[in-house]
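Written out below as structure tokens is the structure these notes cover.
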Amino acid sequence: MDNSDSSQNTLVSVRNLTFSRGNNKIFNDISLDFERGKITAIMGPSGTGKTTLLKLIGGQLYPEKGIITVDGENVHRLRRKELYELRKRMGMLFQSGALLTDMNVYDNVAFPLREHTHLTESMIRSLVLMKLQAVGLRGASLLMPNELSGGMARRVALARAIALDPMMILYDEPFTGQDPISMGVLVLLIKALNETLGLTSIIVSHDVCIFIIQPKTMWMIYYPLENGIEVMLGYAIANPTYAEQNFS
Amino acid sequence: MQHTATQDTLVGLFVASGIAGLFFLALQVSNLSSFGDKDTYTVTASFESSGGLKVKSAVSAAGVKIGKVTDIRFDPKTYQSVVSMAIESQYNTLPEDTTASIFTAGLLGEQYVNLEPGGSEAVLKNGGKIDLTQSAIILEKVIGQFLFKSAEEKAQGDKKE
Amino acid sequence: MMQFLQNLGASTRTSFTKLGRATYFLIQTLAGIFSILIRPRLLMNQMFSVGVLSFLIITISGLFVGMVLGLQGFYILSDFGAEESLGIMVAASLVRELGPVVTALLFAGRAGSALTAEIGLMKATEQLSGMEMMAIDPIRRIITPRFLAGFLSMPLLAALFSAVGIIGGQLIGTGLLGVDDGAYWAQMQTQLDFYDDIINGVIKSVIFGFVTSWIALFEGYDAIPTSEGVSRATTRTVVNSAFSILGLDFILTALMFGDN
């Protein structure tokens, strides 16, 4: 495994991570880096701990061994308040969208702004509409989450994730269950956000469509052992320039 | 969020009716209104027997409740039952020679202390003592006496014949 | 035999672990109270869904329970020629026992199960995780307001239940069965003590509100995040709340009314 020097360009670094659920060792001593301002994809079959990895990065789960640093801070050593400060600079797009079902689209996007800032309602309004505009759903602002299609819900969730202008977004299976058109919309969105806002993006997917997004780096998860206990992360399509070579 | 005003009204109504319910219980249902923390003075009376009298039993005069029993204890020297009563301060004209009796409301009802004013000029003060008392009527005793008496009468009647 | 003991040990340990988690959860919930005081709007919303929406079921049940007490009490008391005591009988049973207990049981069924399902589904649909990732503490934002609302609503609902019940008893007793209206009220006024009966009844309902809200919210928060897990958690809320309410009622009654 190639542990390249943790240069200034690394936003998230995972070092010697070990984590298990029950008796199942999901990660065994893995190390990964995620480059600042770039799209990094993680691909692998279901149940290999891709979502778990995102939750570890977000500090929702604790590793057994190993260190995860985000922007130079050791996520699992932070005090609660510091962790929450760090999370304000991270956005996460959940598989299901995770919209709050008792509020409409507008209030969902306004939610983090209202919780974390003291902006006036008119400023919140223009910010929310701007974010909704960015995902192309400005007209849907008064709909309730149960009135949205899966793809729309995910775009609203994306608008909410960028509401606080984070430095990075973690995407958990953004393409699952999408029709080709809304998938195309999402792909374009993710790329546009990455380029225009300079966001670091970490995308986790089991879907080969992830190639369309032209990630800078691609990590592949696979089972090296037959009994499937040990799972490893590594360069399967081994080099970081892979995507560039193929798609640009 | 647009329902906020109606929602506020409904929550307000809910809280108000809950509090109204509490007030209703306090004032209409319990004894708070008839006898709360009003000013009282205490008098004591010794009875041969206080029967089924309890703390918080009523103290009344001429059928009107004017106070309540606050303490009942056994005096080991006189072998009597010493009953302390808190009487509302507005009824401060009870004469010293008031008689205290323990009555029963109805045949099987609660027992209470009845005060019957005498003719003295001096009135009872806080900590005063009522000397004239009449003990509780104990139903078993009365029935026993009645049976004994009627048996005696019957025996006498038999003799006469 | 060994196997049985092992199983017993394991399940005991699991229940202690769960109780430990529940206690930790409660402490976190209580720690969030201060932040609610800054944002009373959150509490208002929950007072609405917990309190106001339980209002109807509580008042209607209270009315009927009071009317039944009036009827039954009358038939029993008239055998002893003591119909005059109907008021005290209805009022004492409502204020001391039925008010707090039946309200709490109805509350567990109406609001408690709804809270568990709501929190459980929020967990299942990753809304709680989502909030955490937005740097918003779901316990403070979601759990604490609901807990406080349940805790505050319960005594109000119980008082309403008792009050409506007493009026229901009066409707039947004096309206239908011919008990003297004055006797109905006077008997309860002389015999019910404000501190011993009313306040103790309120204390009971406060404790029930605390326990029921705690159970409902914890079961939701601790639910396995699947549809089946949430449905089981909802059942557990109702069952555990009922047991706790009745068990606690016994203990509280023994403590409060025992030495009279």
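Assorted remarks:
- Rounded to whole Hz, the Karplus (6.51, -1.76, 1.60) HN-Hα couplings of region B:42-54, x for glycine and proline: 10, 10, 10, 8, 9, 10, 4, 8, 9, x, x, 5, 10
- Per-residue ellipticity at 222 nm computed for the protein assembly as shown from its helices equals -15500 deg cm²/dmol, with DSSP H segments shorter than 4 residues left out and the rest contributing -39,500 (n - 2.57).
- Helices meeting the span-like rule in chain C (full DSSP H runs, Cα extent of at least 18 Å along the helix axis, mean Kyte-Doolittle score of 1.0 or higher): C:53-79, C:144-170, C:200-221.
- Fraction in percent of alpha-carbon pairs per bin - 5 Å, region C:43-255: 1, 8, 15, 16, 16, 13, 10, 8, 5, 4, 3, 1, 1, 0
- Between A and C, roughly 1800 Å² of accessible area is buried in total, ligands, DNA and RNA not counted and the probe set to 1.4 Å.
- Per residue accessible area of region C:43-255, 1.4 Å probe, in Å²: 36
- Estimated at the nearest 10 Å², the accessible area of C:ASP180 is 80 Å² with a 1.4 Å probe.
- Helix B:4-23 axis versus longest C-alpha principal axis of chain B: approximately 10°, rounded to the nearest ten.
- Enclosed volume per residue, in Å³, of the convex hull spanned by Cα atoms of region B:39-143: 99
- Taking the longest Cα principal axis of chain B as reference, the axis of helix B:139-160 is set at about 30 degrees.
- Average accessible area per residue (Å²) across region B:39-143 - probe 1.4 Å, nucleic acids and ligands excluded: 56
- Residues of region A:64-95 buried by at least 20 Å² of accessible area upon assembly of all protein chains, compared with the chain on its own (1.4 Å probe): A:ARG80, A:TYR84, A:ARG87, A:MET92, A:PHE94.
- Hull-based mean projected area of region C:168-212, where the convex hull spans the alpha carbons, in square nanometres: 4.0
- Between C and B, accessible area buried - total, square angstrom, nearest 100, 1.4 angstrom probe: 2500
- For the protein assembly as shown, carbon and sulfur atoms together expose 60% of the accessible surface, with a 1.4 angstrom probe and every protein chain in place.
- The protein assembly as shown: proportion of alpha-carbon pairs further apart than 40 angstrom, %: 51
- Diagonalising the gyration tensor over the Cα atoms of region C:54-164 and scaling each eigenvalue by 5 before taking the square root yields semi-axes of 42, 12, 8 Å, largest first.
The values are calculated or read from the model by the stated rules, or taken from the named source; none is laboratory data. These numbers come from a predicted model, not from an experiment. Side chains included, ligands, DNA and RNA excluded: accessible areas come from the protein's heavy atoms. Shrake-Rupley method; radii C 1.70, N 1.55, O 1.52, S 1.80 Å.
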